[in-house]
Structure formats: structure tokens, C-alpha cells
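Single-structure report; data block below.
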């Protein structure tokens, strides 16, 4: 645990890095520099990951795979780690909330803080204004519709939306598309 003085200094560094990061443009040079700045906090970005400005990184517990895209004005609170697989696309204003309060007594209902990590699988697409709550795991290839609130795990290759997010439909997987192509070649599927 950091002493109050060290904690204050750490918070100042976090705010300065975010401020500098958000002054930059969205051109390729600025995006590379932004990744380098955010890496100073301990974040690890995979090859080809693009981070646009306007977001807030409350520390350095983000790890991404390759070729991810993080749009403008997202919030990463980092009480616990956040992991994005490869090829994950994150829309505008997405909130990654890794901490929740236990319910306290009548004099103060917001009790002790409890952190839980968030994980997003390869190829997932997180729409604009989504809120992802502590401990959620979003499966590979899943699509989270704009404005959804993810309160629990999302299976792979589905579309979810709503508050709380619910499965709307299943999506084709690479395997099922490959199987359909084989069936077409063998003449087993009517066209």
C-alpha cells in the first residue's frame, strides 16, 4: 500500500499522462506516441493497436492483443486488470468498471471496495456507450450493442444488447462458415 504522499504523486503522474495523451491528434504518429505515453503507466499494447484520444486510463493494468482499436472518450478505472484479445474494437464512451462496493450498513451503504478483472475475447466488438461491470468476460467474436450494460459473462459469437445485456442471437463462426462451404462444394446444401 502506498503512503498518502506517494499515492498523490502517482495520481499526478496518471493525470499528466492522460492530459498529454489527450492533447494528441488521431494521425498515425500521434497514435504511436499516445501508446508510448500510456505504456509509461504500465499498460501493454499489442502490435498495431490504435488508441484515439479523449480516454481516461486510471493507471496501467491494460493488456491488449494485436490490431485492437480503442475509440474516443473511453474510461478504464483499473482497480483490477483489463485484458483485450486481438482484433477487439471498442466504440466511443465505453466504461470499463473493475470495482464495485459491497453493500454496507445503514449509515453508509457503499461499503468496502471489491475489484474484479474484465476480459474481452479475440475479435469482439464493443459498441458505443457500453458499460462493462466488474468480473465480466466477453467471449471471442461477440458483439455488444450500443448502450448495453454488461453485468455477467457473454458467450462467444453472439449479439447482446440491453440493460442488462441479454443474448439476442447467435452469430456464424469461422468453423460454421467453413462447414457450410464444404457442404456447398459437396452439393449437400441447396442454393
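Could you state the angle between the C-alpha long axis of helix 174-186 and the longest principal axis of the C-alpha atoms of the chain, as a value from 0 to 90 degrees rounded to the nearest 10? It is inclined by approximately 10 degrees. Let me make sure I get this right: for the chain, a, b and c are the square roots of the gyration tensor eigenvalues over alpha carbons, sorted descending. Under 1.5 in a/c it's rounded, otherwise prolate if a/b > b/c, else oblate. Which is it? Oblate shape, in that a/c is at least 1.5 and b/c is the bigger or equal ratio.
In this simple spin-label model, placing a label point 7 Å from the Cα along the Cα-to-Cβ direction at both residue 110 and residue 12 gives a separation of 2.6 nm.
Taking all Cα pairs closer than 8 Å and separated by 6 or more residues, the relative contact order of the range 4-186 comes to 11 percent. Helical runs (DSSP H, four residues minimum) scored at -39500 (n - 2.57) apiece and divided by the length of the chain put the mean residue ellipticity at 222 nm at -7500 deg cm²/dmol. Considering only the range 52-138, what is the antiparallel percent among its DSSP beta bridges, to the nearest 5? Here the share of antiparallel DSSP bridges comes out near 20 percent.
Tally the DSSP beta bridges in the chain and give the antiparallel ones as a percent, rounded to 5. Once the DSSP bridges in the chain are tallied, antiparallel ones form about 20 percent. Multiplying the residue separation of residue 128 and residue 27 by 0.36 nm and subtracting their alpha-carbon distance yields 34.2 nm.
Every number in this text was worked out from the coordinates using simple rules, so none of it is lab data. Fair warning: this is a prediction, and the values are worked out from it, not measured in the lab. Because the Cβ atoms are built from the backbone with ideal geometry, glycine has one as well, and the counts that use them run over all protein chains shown.
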